[in-house]
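Structure record follows, encoded as structure tokens.
Nothing in this text is a laboratory measurement; each read-out follows from the coordinates by a stated rule. Just so it is clear, the structure is predicted and the values come from calculations on it, not from any experiment. With ideal geometry, Cβ positions are generated from the backbone for all residues, glycine too; neighbour counts draw on all protein chains shown.
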Number of protein chains: 2
Amino acid sequence: MFVDRLIEEIRNKNNPSVIGLDPRIEEIPLYIREKNFNEYGINLRGVTGAIIEFNKKIIDSLYDIVPAVKPQAAFYERYGTEGFEAFKTTIEYAKSKGLIVIADAKRNDIGSTAEAYSNAYIGKTFIHKNINKTVFNADAVTVNPYFGYDGVRPFVEDCNNYDKGIFILVKTSNSSSGEFQDLQTDRGTFIYEEIALKVNEWGKDTVGKYGYSSIGAVVGATFPKQMEKLRSMLKRAFILVPGYGRQGGTAEDAAKAFLGDGLGAVVNSSRNVIYAWKSNIWGNKYTERNFTDAARAEAIRMKEDINRALRK
Amino acid sequence: MFVDRLIEEIRNKNNPSVIGLDPRIEEIPLYIREKNFNEYGINLRGVTGAIIEFNKKIIDSLYDIVPAVKPQAAFYERYGTEGFEAFKTTIEYAKSKGLIVIADAKRNDIGSTAEAYSNAYIGKTFIHKNINKTVFNADAVTVNPYFGYDGVRPFVEDCNNYDKGIFILVKTSNSSSGEFQDLQTDRGTFIYEEIALKVNEWGKDTVGKYGYSSIGAVVGATFPKQMEKLRSMLKRAFILVPGYGRQGGTAEDAAKAFLGDGLGAVVNSSRNVIYAWKSNIWGNKYTERNFTDAARAEAIRMKEDINRALRK
């Protein structure tokens, strides 16, 4: 079961973090860009050549110390068909290194359409007669619940059929997340709480041997009070925690997503790790020539930071 | 401005409908599938060869009578990188025939990520130095508002910068849409009404010469009471109306999305039109050999059905 594999990887590496692979061409070391522009041209293929090279180097520097990576679909989709090829290559490469891959796609639609999305990310796509193929073949995908269960059910079914997971948006990390998510209902609940209750219901038949469900939730580290409330409400859901680091969430904030067993969450960091050589934290220690050392150092710093907060 | 072009196309063709291009390989005429499987192999490339051929024939049969088409991203994404190539080819072909293209992608994320999505669908993507490229280059895209304005702003900015439009999910057409969208707030409003109020606010600076905004809304024909309420609340938003036909909405239901000027909405139909040769409505009149005649006949029937309801 997906959630069991995730937990075992977290325990093996003593690291409850996930690294976001969010490539922005303008942030990638110039020598990698120039090399690929020379090889493929100054075009989308050149861009995605650079992205693939960058991602592989980041993965090589991290796969033995982190349990999971989270490629953000938007940062591949932005580069068109070529970008999706890079997305696919990145997922395959990360899996070949033993990493769990969470495709951050936040897909959502009516049932028959949600099924097509689910097929693409965690299920299989019908080709002809008895031929079905995996497409992006991630281990898990993020899902927006706005359509209600119609739009979530196909993902839950693929989780059961193919041993995969989903993380459903409950309370997002961005500053305007409260506009709708924090509206209060006439029975005194917040919208994010109503969604948390549904996540419990939707995930109750997908619980693994450690007591957690493969139907997880997304709750931002940037809202520690809501996190505390949601952690107590989300009975079995594993929580994917964005917002640590660059967005302002601390290790102490993220720690509220965990339960007494030291489990229950994975904390994401993207830009702080993959572009760590530019970060003030490390002074002049790193340059674009040793960006993988910087990424590894930051991933270790993050792991220790979160584990320290969890011991408190 | 996007909404002005849409209105002018609707007027030119006297047809306020949009045809959903939602290709499912299993629904495409077998002879088209076999031809493409023979040419490219029984694989994703064979599938998307068939999809491109099918879509082009559908577009050829409709472009002079309908103002717009709406390819649903999921039905391309399901076929991976090859699927996105078909999505891109379909958009280009439709635009070359003068059709307005609404990419139905329902994208959503935090601001910096929403910007990447917006770049892909309606904006431009940075490549290098002063080189920026359009990627899918649709005329408009659908957006899920769950993140609040942070996640919508980049799309609004691209609408202003590139003369594009968005349609924001307000009340979706599926049967479980009420699970969250119909929750009532402590001030007596429904969640979909709260979103409608925000759509008004977000769209107030993007109003064209006919008084409508390029920042539109999605409201399903399957909920006519809510449609009536929302049409009165959504001051300037053009409404994209799914749910007509196969999903159960009637022309009278859809007509509630229009204002007294006969404008204010476009009604979508997907499967009923593109797979019309299979529909009971037409008896044995059509086969897969003349599926384009069936699609054209159904598109005309739909246009007349909606215009009849609008004259009431």
Review point. How crowded by other chains is A:86-94, given as the mean number of beta carbons from other chains within 10 Å of each beta carbon?
Key: 1
Check your understanding: Could you give the distance between the Cα centres of the stretch B:209-258 and the stretch A:263-312, to the whole Å?
Key -> 48 Å
Check your understanding: In deg cm²/dmol and to the nearest 500, what is the mean residue ellipticity at 222 nm of chain A if only DSSP H runs of at least 4 residues count, each as -39500 (n - 2.57), divided by the residue total?
Key -> -14000 deg cm²/dmol
**Study point:** Loop GluC sites (Glu not before Pro), the stretch B:70-175 (other Cβ atoms within 10 Å of the site Cβ: 12 or fewer; DSSP)
**Key:** none
Review point. To the nearest µm²/s, what D does Stokes-Einstein give for the stretch B:37-97 at 20 °C and 1.002 mPa s, using the Kirkwood radius over alpha carbon pairs as Rh?
Key: 181 µm²/s
Practice item. Show which lysines lie in cross-link reach of residue B:129 when reach means a straight Cα distance below 21 angstrom and same-chain residues fewer than eight apart are skipped. Key: A:35, A:278
Review point. For a label point 7 angstrom out from the Cα of residue A:201 toward its Cβ, which stretches of the stretch A:145-176 have the backbone nitrogen within less than 18 Å?
Key: A:145-157, A:168-171
Exercise for review: Set the Förster radius R0 to 60 Å, insert the Cβ-Cβ distance between residue B:4 and residue A:308 as r into 1/(1 + (r/R0)^6), and round the FRET efficiency to 0.05.
Suggested key: 0.55
Point to revise | Calculated FRET value between residue B:131 and residue B:96, using beta carbons and R₀ = 25 Å, to 0.05 | key: 0.55
Check your understanding: How much of the DSSP beta bridge set in the protein assembly as shown is antiparallel, as a percent to the nearest 5?
Key -> 15 percent
Study note, to complete from the structure: For the stretch B:59-130 the trypsin sites (Lys or Arg not before Pro) that pass both the DSSP coil test and the at-most-15 other-Cβ-within-10 Å test are B:97, B:129
Revision key, fill the gap. So, relative contact order of chain A in percent, Cα under 8 Å, 6 or more apart, is 17 percent
Point to revise | Overall dimensions of the protein assembly as shown as given by Cα atoms, namely Rg and Dmax in Å | key: 23.8, 76
**Study point:** In the stretch A:253-301, trypsin sites (Lys or Arg not before Pro) in a DSSP loop with at most 15 other beta-carbon atoms within 10 Å
**Key:** A:285
Practice item. Along Cα-to-Cβ, 7 Å out, sits the label point; list in nm, shortest first, how far the one on residue B:131 is from those in the other copies. Key: 3.6
**Study point:** Unsatisfied cross-links (Cα-Cα over 18 Å) in the set A:133/B:106; A:256/A:312; A:229/B:198; B:256/B:303; B:56/B:97
**Key:** A:133/B:106; A:229/B:198
Review point. By a straight-distance test (C-alpha under 14 Å), which aspartates and glutamates pair with residue B:285 as possible cross-link partners, with residues fewer than eight away in the same chain excluded?
Key: B:293, B:298
